[in-house]
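Here's the structure we're looking at; comments come further down.
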Amino acid sequence: MSDCIFCRIIKKEIPATIVYEDENYLAFEDIQPLAPVHILLIPKRHWENTADLEDGAVFGGLFAIGKKIAADKGLASYRLVNNCGEEAGQTVYHLHVHLLGGGRLGGFGV
C-alpha cells in the first residue's frame, strides 16, 4: 500500500530508528513513545490488522522478535500489545505490535 506509513518505512522512504530487521519483519522505535522503551514490531507484508490474518504464524514471529529485543535491551518485564480496529485504539492500519517496557506500565493507553 503506497499510502501506508509503515509500508513507506519498510521501503526506507520515511526514516525510522530501526532496531531489528530480517526478510519478513521490521522493528523500530515509536516516535511518540508511551514508555521508556516503545518499539513497533511489524511484518513487511501488509495486513490491515489482526482480523486479516488467516493463522497465528505472523504473531508467533512478532512475539519471538519482541522477546529477542526485550532481552537485548535488558528488560526484565515488558508488554506486547496489539490493537485491532478503531475502537481498540488502532491508528495505523498496518498490523503491528507495541513492545513497551523500561518502567512501571500503567493502564491501556496504547
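Observations on the structure shown:
- Value in Å of the Kirkwood radius, where the chain supplies the Cα pairs that are averaged: 14.2
- Distance in nm between pseudo-label sites at Asp52 and Glu86 (7 Å out along the Cβ direction from Cα): 1.7
- Structure-based [θ]222 nm, the chain - -39500 (n - 2.57) summed over DSSP H runs of at least 4, per residue, nearest 500: -6000 deg cm²/dmol
- Stretch gain in nm, segment Lys44-Arg104, where the contour uses 0.36 nm per residue and the Cα spacing is subtracted: 18.6 nm
- Principal-axis tilt of helix 57-72 within the chain, Cα atoms, nearest 10 degrees: 40
- Per-residue extension of 0.36 nm, minus the Cα-Cα distance of Tyr20 and Leu34, leaves a gain of 3.1 nm for this segment.
- Efficiency of FRET between Lys68 and Asp3 - r from beta-carbon atoms, R0 30 angstrom, step 0.05: 0.50
Each reported figure results from applying straightforward, stated rules to the coordinates on display, with no laboratory input. Computed from a predicted model, the values in this text were never measured in an experiment. In this analysis, Cβ positions are derived from the backbone assuming ideal geometry, glycine residues included, and neighbour counts consider all displayed protein chains.
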